[in-house]
Amino acid sequence: MAVSESVNPVDLLREQIEGASPDVLQAMVKAFAQALMSAEADAICGAGWGQRSEERVNSRNGYRAREWDTRAGTIDLAIPKLRQGSYFPDWLLTHRRRAEQALVSVVATSYLLGVSTRRVEKLVEQLGIRQLSKSQVSEMAAHLDAQVEAFRNRPLDSGHYTFVWMDALTMKVREAGRTVNVHALIAVGVNADGQREVLGLDVASDEDGAGWLAFLRSLTARGLAGVRL
């Protein structure tokens, strides 16, 4: 049975991701944090890494390691260094919990709805960053989109999932200028470490046998096997 439309699917998926396998969440949050710091460093330099530009005022000079403690565990970050002056993201110092919540939120939103420049801009604004250009935001969105796509299509044959839950969330989307209902089909499994893990998500126009069959086949094609319940 589909979940009521009053349930926010992004909030529900965010809860699933926050309680999912720490390794998966760490990898996603780390990728987003690194992309954000790289874009912010480029904005300070006035040009991208290795790019020739008359507007350049500084350049990169390697990285320095920094550990970031989150609910998903400790994440090893590589913070860009500059040849002149220093760079350290303020959001890691003054808004650590808010930064973590914002990054987890964009993981869930990106997974469910895809990455857009508008969503990346909102994430950046939540962290108090306002110097990024439209092109930098677009590059970040493209980078994050690739990360999300890799996560969504990752092989499942290396894990052992004895228990798997499946449900459908009814949500409204804009399609060809009108609002229609679609169904987000979600599969959540328990891995060998006893952690919940979002295994897959697909969007179907109808919650019928054909939609569920295609979704299940996509999971088995990625290697899902050995489910007992």
> What ³J(HN,Hα) values, in whole Hz, does the Karplus curve 6.51 cos²θ - 1.76 cosθ + 1.60 give for region 73-89 when θ = phi - 60°, with x put for Gly and Pro?
Replying inline: x, 7, 10, 8, 9, 10, 8, x, 10, 10, 6, 10, x, 9, 10, 8, x
> If we sort 140-149, 42-51 on the protection proxy, mean other Cβ atoms within 10 Å, highest first, what's the order?
Replying inline: 140-149, 42-51
> Whose amide H sits under 5 Å from the amide H of Leu127, counting only residues 5 or more places off or on another chain, with H placed in the peptide plane?
Replying inline: none
>> Need the list of lysines near Lys134 for cross-linking: C-alpha distance under 18 angstrom, and skip anything on the same chain fewer than eight residues off.
In response: Lys122
> Put Lys134, Lys81 in order of accessible area, largest first, 1.4 Å probe: what do you get?
Replying inline: Lys134, Lys81
>> Could you tell me the ratio Rg/Rh of region 134-229? Both radii from Cα atoms, Rh via Kirkwood.
In response: 1.05
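The values are calculated or read from the model by the stated rules, or taken from the named source; none is laboratory data. Note that the structure is a prediction, hence the values are computed from the model and not measured. Glycine also receives a Cβ, built like all others from the backbone with ideal geometry; neighbour counts cover every protein chain displayed. Please note that ligands, DNA and RNA were not included when accessible areas were found on the heavy atoms of the full protein model with its side chains. Shrake-Rupley method; radii C 1.70, N 1.55, O 1.52, S 1.80 Å.
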